[in-house]
Amino acid sequence: MTSILKVNSLTKNFQTNIAVNDISFQIKKGQCFGMLGPNGAGKTTTIEIMEGITQPTSGEVFYKGKPIGHLFREQCGIQFQHTALQDFLSVRETLKLFAGLYPKTSDLDDLIQRCNLESFLDSDNRKLSGGQRQRMLLAIALINDPEIVFLDEPTTGLDPQARHNFWDLIKNVLSRGTTIILSTHYMEEAAELCDEIIIMDRGHIIAQGPPNQLLQQHFNEQLVRIPEQKLPKTSIEKLKQPDDFQHILFQSTSFQNDGWVEISTTDVNKTISNLIRDGVDLNFLQIRQRNLEDLFLELTGKGLRE
Ligand SMILES: Nc1ncnc2c1ncn2[C@@H]1O[C@H](COP(=O)(O)OP(=O)(O)OP(=O)(O)O)[C@@H](O)[C@H]1O
Ligand SMILES: [Mg+2]
């Protein structure tokens, strides 16, 4: 697959704050490229530089092999992290207003149907639910029929139904060959939609690749989970004494705040047979694969960010 967008040694300083610190990556045509990272990691700054909205301190962005010019922001689709909409206008009027800004537009009826806007076309912008508002903003991002679309946290704050519904819309956009750059704080969303992700932290890229490949690279163990209250007291004592770990386990154990004991193991069979030997009630046992959220927390730490 050829690369449609190339970012070369991008840096952005805001006075003494280095928001983006010498990052490079390529985005392939037709893929969904995910950008993850804690608050303040530099995702929006990077996205706005790629859109041609913010000037980098240094570095370049190439679209189809050529440096992006001032016209790029009219060719791409943009859904900002925060967007103010015109009060007193209906959804239909707003779409027409935005359509009027571009020489070439998508078919509005088709767009309305694809973004599920039919039922609230005549509602005032101020009356929209979170999900309706984000669907309308997606329609606005697609109004110039772009080949590449930037969606900066489009599902933040949506309820689970609205979020899953939005994922279907994104899949529909991808099925037409459109390239999507998506930032999100939802690991499940990245795992579901993205062909490739980068994880940013403090302006750097700290991991990059297809989600499954990243998981395979970082983890070879699985988690066996048991509610702490289901463990016999003797087992808990053994588990809490590091020297005795080998008695029951093969790797490490952690007592979670939610009352579960997590045993990290590369040999589930052996761990379970040892648990049975120790008389542990396995009725509530869970086995969990390590996921993107584990990777994210492992790479970025659990400390609070800004
Ligand atoms: N216009 C600005 N002026 C000064 N500092 C800025 C500006 N925009 C962003 N920053 C700073 O740059 C850093 C990166 O911010 P950015 O908005 O890119 O992060 P983000 O990864 O999008 O975070 P979030 O997940 O909260 O949206 C932060 O420290 C932020 O305070
Ligand atoms: Mg942001």
Dividing the mean separation of Cα pairs under 8 Å (6+ apart) by the residue count of region 3-217 yields a relative contact order in percent of 29
Once you have the alpha carbon radius of gyration of the chain, what is it after dividing by 2.2 N^0.38 Å, with N set to its residue count?
-> 1.22
Where does each of LEU292, LEU89 land when they are ranked from fewest to most other beta-carbon atoms within 10 angstrom?
-> LEU89, LEU292
For region 1-135, what ratio Rg/Rh do Cα atoms give with a Kirkwood hydrodynamic radius?
-> 1.02
Do any of LYS28/LYS127; LYS127/LYS302; LYS43/LYS240; LYS28/LYS96; LYS64/LYS171 go past 30 Å between their Cα atoms, and which?
-> LYS28/LYS127; LYS127/LYS302; LYS43/LYS240; LYS28/LYS96
Using the number of other C-beta atoms within 10 angstrom as an exposure proxy, rank VAL91, VAL224, VAL280 with the fewest first.
-> VAL280, VAL224, VAL91
Take the Cβ-Cβ distance between THR16 and ARG225 as r, set R0 to 41 Å, and report the resulting FRET efficiency rounded to the nearest 0.05.
-> 0.40
All other residues with a Cβ under 14 Å from the Cβ of PHE219 taken together, and with Lys, Arg as +1 and Asp, Glu as -1, what is their net charge?
-> -3
Distance histogram for region 44-200 (every C-alpha pair counted, 10 angstrom bins, percent rounded to whole numbers) | 10, 40, 37, 12, 1
Euclidean distance between Cα centres, region 18-51 to region 67-114, Å | 22
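Rounded to the nearest 500, what is the 222 nm mean residue ellipticity of the chain from helices alone, with -39500 (n - 2.57) per DSSP H run of 4+ residues and division by all residues?
Dividing the helical sum by the residues of the chain leaves -9500 deg cm²/dmol.
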Report the full-extension gain for the segment PHE255 to HIS185: residue separation times 0.36 nm, less the Cα-Cα distance, to one decimal in nm.
-> 22.6 nm
For LYS240 paired with LEU299, estimate the spin-label separation in nm (one decimal), with each label point 7 Å from Cα along the Cα-to-Cβ line.
-> 3.6
Rank these for me by crowding, ASP124, ASP109, going from fewest to most other beta carbons within 10 Å.
-> ASP109, ASP124
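Just add up the charged neighbours of GLN26: K/R +1, D/E -1, any other residue whose Cβ is under 15 Å from the Cβ of GLN26.
Once all neighbours under 15 Å are counted, the net charge is +2.
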Part-to-part distance (alpha-carbon centres) for region 268-296 and region 124-155, which is given in Å = 42
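Each reported figure results from applying straightforward, stated rules to the coordinates on display, with no laboratory input. Fair warning: this is a prediction, and the values are worked out from it, not measured in the lab. Virtual Cβ from ideal backbone geometry, glycine too; neighbours counted across all protein chains shown.
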